[in-house]
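No lab work stands behind these numbers, since they all come straight from the coordinates. Keep in mind that what you see is a predicted model, and the values were worked out from it rather than measured. Cβ placement follows ideal geometry from the backbone for every residue including glycine, while neighbour counts extend to all protein chains displayed.
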Amino acid sequence: MVKASASQPRLSNVLVFDNGASTIKAGFATRNTDLSDCTVVPNCIARSRDRRLYIGKQLENCKDFGSIVFRQPVEKGYIVNWESQKEIWDRLLLDDESPLKCDAKTTTLILTEAPNAPTPLQTNVDQIIFEEYEFGAYYRCPASQLISWNDIGQLFDPGTQIQHGAAECVLAVDCGYSFTQVIPVINGKPYQAGIRRIDVGGKVLTNYLKEMFSIRQLNMMDETYIVNEIKESCCYVSSDPKRDLDICKRKKRNDIVKEYVLPDYKNLHKGILRDVPERYHLGKDMEQTLLVGNERFMAPELLFHPGDVGYRQAGLTEIIMKSIESVPEEHRALLLANIVLIGGNALLKGLKERLEAELIPMAPENHMVRISIPEDPIKFAWQGGVALGNNKTALEQHRVTRADYQEHGATWLAKRMLGQQPPTIQTAGSAATVPNKRRRSPG
């Protein structure tokens, strides 16, 4: 094993890197950092129908998304294609034109991962961060853990006292691209026994819409990008799905059914959602349209009824209650009163109201149910990472330096990330660790 150097570079920067399945949210943590400082990059490699390749941020330069094919390194929340993921990271971290380029040896990296990631995947990440990119220090944790470092009290009551550390209790409902997960975070750490997951996320909703449109109207199976735009522009969570279904069946013209004009990427580069009677200036003969009716609310309904597409799992409301019931009783009231929705699906209209309507009857009578959606639920975990990065004392307790990794190895690092090893003690010109067992004397 390589022995740590006696002197190590001063760690002057903190880079927060929320590596999501759909997008990467990254930026440096400073006292003046705000949402506009967060760089959002598609976490994919795409090939258009004219055979052009787009890596990460290059996707912004694509002019024709028709039949575009995506290769995503993250599946079901875990990195499974390291070649693709590293190519995307290289463009972000090493390119001269990237706003995230920095001297890795003087930078602390805060990197997110899915809860309960397999150990071999975690080991691969650790090796890449320290051995290939050579970051000076590093902290790996679930994105939901970082949200507790945001000012949770301000979400529910702007008049509350400003929070200077991790929130005591917060229930993170991560409505992401690969899955939907409920994580109780107590005193800044996930409560493992309370973590619950549904294998329904934004990807499943988009695939469901593709199938419905293809069966009922046009073949949209190769139009992932367009269908995802339809989902983001018009889908919502219904407070009464049965009522809305009846409206769609009985009334030919209603407020639910909309018409979506598909882009042709010649005259129209972005789809248009409109009421059915309207006609666009291109003329009827030049337009290709989809009618979007009960698909608007039946796709998001999968979050509450995963069994409709074959998943033998409870719905979102049920797993929230099961998660809360699995934590010690003294924390349950606080968790119910501090539910925070994050992730792309948190932007679905009506999700908060539907959860409130279903959770209140299920909660104990003396417990308050409060649900909040941040200003930007996609960047909220990144914001928490910035708050942690600016808390030097807390960051020092969590991060592991490259010198520690070189001295103690990957197994020690894995235990350290789980909190099973004591933090290092910085001394003049060296990094020492409080040993957990007696070392043998040489010779």
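Sorted fewest first by neighbouring Cβ atoms within 10 angstrom, Ile162, Ile45 come out as Ile162, Ile45.
Considering only His269, Tyr208, His164, the residue lying farthest towards the positive end of the dipole of the chain is Tyr208, judged by Cα position with unit charges set on Cβ.
Rounded to the nearest 20, the Cβ-based charge dipole of the chain about its Cα centre (Lys and Arg +1, Asp and Glu -1) stands at 660 debye.
Taking amide H positions as modeled 1.01 Å from N, with prolines and chain starts lacking one, the residues under 5 Å from Cys169 and 5 or more places away or on another chain are Asn187.
Please check: in the Gaussian network model of the chain (C-alpha springs, under 10 Å), which one of Gln217, Gln313, Gln122 has the largest mean-square fluctuation. Highest fluctuation of the listed residues: Gln217.
The alpha carbons of the chain occupy a box of 87, 59, 41 Å along the principal axes, longest dimension given first. Residues Arg196, Arg91, Arg71 in ascending order of nearby Cβ atoms (within 10 Å, fewest first): Arg71, Arg91, Arg196.
Beyond 29 Å in Cα-Cα separation lie the following of the pairs Lys231/Lys392; Lys105/Lys203; Lys203/Lys249; Lys25/Lys63; Lys57/Lys258: Lys231/Lys392; Lys105/Lys203; Lys57/Lys258.
With both residues required to sit in the chain, DSSP beta bridges show an antiparallel share near 70%.
Taking other C-beta atoms within 10 angstrom as a stand-in for reagent exposure, Arg296, Arg243 fall in the order Arg243, Arg296, fewest first. Taking each DSSP H run with n ≥ 4 as -39500 (n - 2.57) and averaging over every residue of the chain yields -8500 deg cm²/dmol at 222 nm. For Lys379, the aspartates and glutamates whose Cα comes closer than 13 Å to its Cα, not counting residues fewer than 8 places off in the same chain, are Asp18, Asp34, Asp37, Asp174. When the alpha-carbon atoms of segment 106-238 are used, the pair Rg, Dmax equals 19.2, 56 angstrom.
Computed from Cα atoms, the angle from the helix 241-250 axis to the main principal axis of the chain rounds to 30 degrees. Compared with the dominant principal axis of the Cα atoms in the chain, helix 316-325 is inclined by about 30°.
Out of every Cα pair in segment 247-343, what percent are spaced more than 18 Å from each other?
Numbers: 3071 of 4656 pairs.
Here the long-distance tail beyond 18 Å is 66 percent of all Cα pairs in segment 247-343.
Given an 8 Å cut-off on Cα distances and at least 6 residues of separation, report the relative contact order of the chain as a percent. Let's see the in-between values first.
Details: 818 pairs, mean separation 84.2, N = 443.
Result for the chain is 19 percent.
For segment 202-301, the spread of Cα positions along the three principal axes, ordered from largest to smallest, is 39, 30, 21 Å.
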